[in-house]
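The values are calculated or read from the model by the stated rules, or taken from the named source; none is laboratory data. In this text the structure is predicted, and so the values were computed from the model without any measurement. For neighbour counting, all protein chains shown are included, and Cβ atoms are generated from backbone atoms with ideal geometry for every residue, glycine included.
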Amino acid sequence: MMAERSRRNTGDPKRRDERPGGAGVNPRVIAATLAVVALVVTVYHQTLVTLWRTWDSNPNYSHGYLIPPVVAFLLWHERKRFLDARGRGAPMGLVLIALALVGHILSIRAGVFMTQGYSLVILLFGLSLFFYGGRATRAVWFPLAYLVFMLPMPPYLMNVIAFRLKVFAARAGSGTAVRLGIPLARSGMTIHIPAGSLRIADPCSGLRSLIALVALGALFAYMTRGSLWKRLALFASAVPLAVLANVVRISVLCVVANVWGIDAALGFFHDFSGLLLFMIAFVGLVVVRKLLRMDSGAAVGEEASA
């Protein structure tokens with residue numbers, strides 16, 4: 001009798017494992033989860049292979065390799081909140097699962113790869129809702145949503161954004177170079193200087209850095225302690241910072257081409273300036289965080305203050 005009372009007071013591990021919201025993990029739950037993961041990988045195998053090839057072949061998505069490890073880290077970091085929040089599954093999860101699978105099948109039939117990837121993200125939200133409930137899904141909503149940054153955007157939208165970025169970069173970059181005393185003339189996307197001509201091609205549009213910096217800005221804002229509006233402002237600042245950094249890059253290329261020649265501008269410095277662009281934008285994010293007076297401590301797993 002005393003032994004039974006003692007087990008009830010101290011919390012028997014077996015009893016703790018059976019509670020829906022307990023921190024323990026039932027081995028049967030682990031087995032079921034692994035089985036679901038295996039099914040998802042089987043269904044989306046070809047999508048994942050195509051996604052890997054996209055990261056390898058398209059420079060705009062070369063950062064995609066980093067997204068799954070980052071998501072894995074965030075899920076591991078949120079594991080306690082997730083386990084404590086587990087509860088009865090929500091029927092809405094089954095709706096999302098059905099929508100995701102139907103969308104995946106239709107995407108395969110139509111030969112549209114992009115929507116296959118987005119259906120995978122919807123499926124993961126649905127599985128979390130259906131098996132673990134709304135509270136647990138809210139605990140991991142950001143890691144799941146962050147997977148969007150590894151997926152390709154609509155090609156038409158990419159082309160429109162890239163073109164507008166090129167036009168702005170050519171105008172603002174050449175204008176800045178003129179103010180620095182560089183003699184030049186611009187004709188469309190081509191900047192003419194005494195040493196030769198620089199053409200603002202697609203890689204110089206800054207789109208690659210914009211996509212990567214927006215992904216970094218989202219992570220930076222999520223892991224920074226502060227009120228919601230400050231974190232949203234920090235995230236939104238990634239766009240103008242990326243655009244501004246590319247303008248600086250173009251103007252510096254004009255200076256280098258005028259002083260050391262076109263070959264110097266289009267050689268090592270051209271490749272190095274891409275890294276320089278990203279570093280400038282990242283420093284800008286740090287400055288914006290300081291201006292917003294946000295703490296540098298990680299906010300993962302914490303509620304933002306009002």
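Descriptive notes on the structure:
- Output for the stretch 199-213, where each listed residue is more than 14 Å from the chain's Cα centre (by Cα) and surrounded by fewer than 23 Cβ atoms within 10 Å (Cβ to Cβ): ARG199, ALA201, ASP202, PRO203
- Remark: pairs (first residue in the stretch 270-288, assigned by TED's automatic domain parsing to the domain that holds ALA233; second residue at pLDDT 85 or above and of a type in the set (Phe, Trp, Tyr); Cβ separation under 6 Å; 6+ apart in sequence or on different chains) = LEU285/PHE220.
- The criterion of at least 2 residues that are more than 18 Å from the chain's Cα centre (by Cα), of a type in the set (A, V, I, L, M, F, W, C) and modelled with pLDDT under 95 is met by the following helices (runs of 4 or more DSSP H) wholly inside the stretch 33-124: 79-85, 91-110.
- Lone unmet requirement of (1) at pLDDT below 90; (2) closer than 30 Å to LEU94 by Cβ for HIS192: (2)
- Residue tally, condition of a type in the set (A, V, I, L, M, F, W, C) and closer than 20 Å to LEU74 by Cα, over the stretch 217-239: 9
- Screening ARG208, ARG231 for residues that are closer than 15 Å to LYS166 by Cβ and in contact with a helix residue (DSSP H, G or I) (Cβ under 8 Å, 6 or more places away or on another chain) leaves exactly one candidate, ARG208.
- Qualifying residue in the stretch 152-168 (condition: touching a Gly at 6+ places or on another chain (Cβ under 6 Å), touching a residue at least 24 places away in the same chain (Cβ under 8 Å) and over 30 Å from LEU75 (Cα atoms)): yes
- Inside the stretch 171-196, residues that are among the small types (Gly, Ala, Ser) and in contact with a Lys or Arg (Cβ under 6 Å, 6 or more places away or on another chain) make up a count of 1.
- Within the stretch 190-247, the set of residues being assigned to a helix (DSSP H, G or I), touching a residue at least 40 places away in the same chain (Cβ under 8 Å), under 25 Å from ASP56 (Cα atoms) and among the β-branched types (Val, Ile, Thr) comprises ILE211, VAL214, VAL243.
- The stretch 245-272 - residue that is of a type outside the set (A, V, I, L, M) and at pLDDT 85 or above and, of those, surrounded by the most Cβ atoms within 10 Å (Cβ to Cβ): ASN246
- Residue match in the stretch 43-54 (condition: of a type in the set (Lys, Arg), more than 27 Å from PRO152 (Cβ to Cβ) and assigned by TED's automatic domain parsing to the domain that holds ALA136): no
- If you go through the stretch 142-185 and keep only what is of a type in the set (A, V, I, L, M, F, W, C) and not in a helix (DSSP H, G or I), you end up with LEU151, MET153, LEU180, ILE182, LEU184, ALA185.
- Residues that are of a type in the set (A, V, I, L, M, F, W, C) and either touching a residue at least 40 places away in the same chain (Cβ under 8 Å) or touching a Phe, Trp or Tyr at 6+ places or on another chain (Cβ under 8 Å) (or both) within the stretch 75-89 comprise LEU75, PHE82, LEU83, ALA85, listed in sequence order.
- Residues in the stretch 169-189 that are of a type in the set (Ser, Thr, Tyr) and free of Cβ contacts under 8 Å to residues at least 24 places away in the same chain: SER187 alone.
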